[in-house]
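Report on the following structure.
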């Protein structure tokens, strides 16, 4: 299986982002997704910055995809999507990860191949067939899909489509037109003061009993726990999954990538400690940790 690095979901200062991807150039990842995949108000990284990083990664032999926003709310958002598509057309080494059906429509009209991102909510082979007819060559399974549903989809999926599974990171659970981080500080979304840049791994939320519950990341709601499919890698391979996705985190990403690479190569690896979950894979509540798997 290939190892993919998903798009950065958090809002980091530009130099931190550039340093992060400079480190990933040397990391053993096969595919890297770049671009703003949460909120259109985030502006530390411009398109030219991402294209500079994309060129460096492609020169290092990595496949690069430019990710679109999951919510298109304005004409400026549409223009941003078109600029991504133009950039991918200009450089054959780049492709697009479409995270919204408006982007799919434009890609189909242009005849551009693309990756069907996880926010397209593909839950059956019929939807996947429609996306394949539009030009999708890979789909990223929504994290809440479990192994039983994936097994059924894999039996009926169109030929020539790769499957990618989210295997490590805080689960993207929901998106909203409202910004919950701004709401936390009694700010309007349009006057959010970009507070999410203060939380490089999102803003943790606890229950009244003090238990970890969710993570706020601007307009995105994530899990508090880290989804972790280490022990499930052989099963994923047996199902025919072609790629596993790791979601970028603020600390220890290079070590995490090397650990997963070793596991995919059949070598032992020590995973960093964490508050892990894997419930969705076993058709259980997502925050569950199914006993008998690697802690």
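Filter the stretch 224-261 for residues that are within 15 Å of residue 32 (Cα to Cα), in contact with a helix residue (DSSP H, G or I) (Cβ under 8 Å, 6 or more places away or on another chain) and assigned to a strand (DSSP E or B) and give the result. If the condition is that a residue be within 15 Å of residue 32 (Cα to Cα), in contact with a helix residue (DSSP H, G or I) (Cβ under 8 Å, 6 or more places away or on another chain) and assigned to a strand (DSSP E or B), then 244, 246 are the ones that fit. Of the residues making up the stretch 192-223, those that are over 16 Å from the mean Cα position of the chain (by Cα), in a strand (DSSP E or B) and touching a residue at least 60 places away in the same chain (Cβ under 8 Å) number 1. The residues on offer are 32, 38, and the sole one that is at pLDDT 95 or above, under 16 Å from the mean Cα position of the chain (by Cα) and not in a strand (DSSP E or B) is 38. Listed by first and then second residue, the pairs linking a residue in the stretch 90-106 that is at negative phi and modelled with pLDDT under 95 to a residue that is assigned to a loop (DSSP other than H, G, I, E, B) and surrounded by fewer than 22 Cβ atoms within 10 Å (Cβ to Cβ), with Cβ atoms under 8 Å apart and 6 or more places separating them unless they lie on different chains, are 102/72. Cβ-Cβ distances below 7 Å connect the following pairs, each with a first residue in the stretch 133-145 that is at positive phi and in contact (Cβ under 8 Å) with a residue 24 or more places away in the chain, a second residue that is assigned to a strand (DSSP E or B) and surrounded by 19 or more Cβ atoms within 10 Å (Cβ to Cβ), and a separation of six or more residues or different chains: 135/114.
The residues of the stretch 262-295 that are in contact with a strand residue (DSSP E or B) (Cβ under 8 Å, 6 or more places away or on another chain) and in a helix (DSSP H, G or I), listed by number, are 264, 280.
The values are calculated or read from the model by the stated rules, or taken from the named source; none is laboratory data. Predicted, not measured: the structure shown is a model, and the values here were computed from it. As a convention, Cβ positions derive from the backbone with ideal geometry for all residues, glycine included, and neighbour counts pool all protein chains shown.
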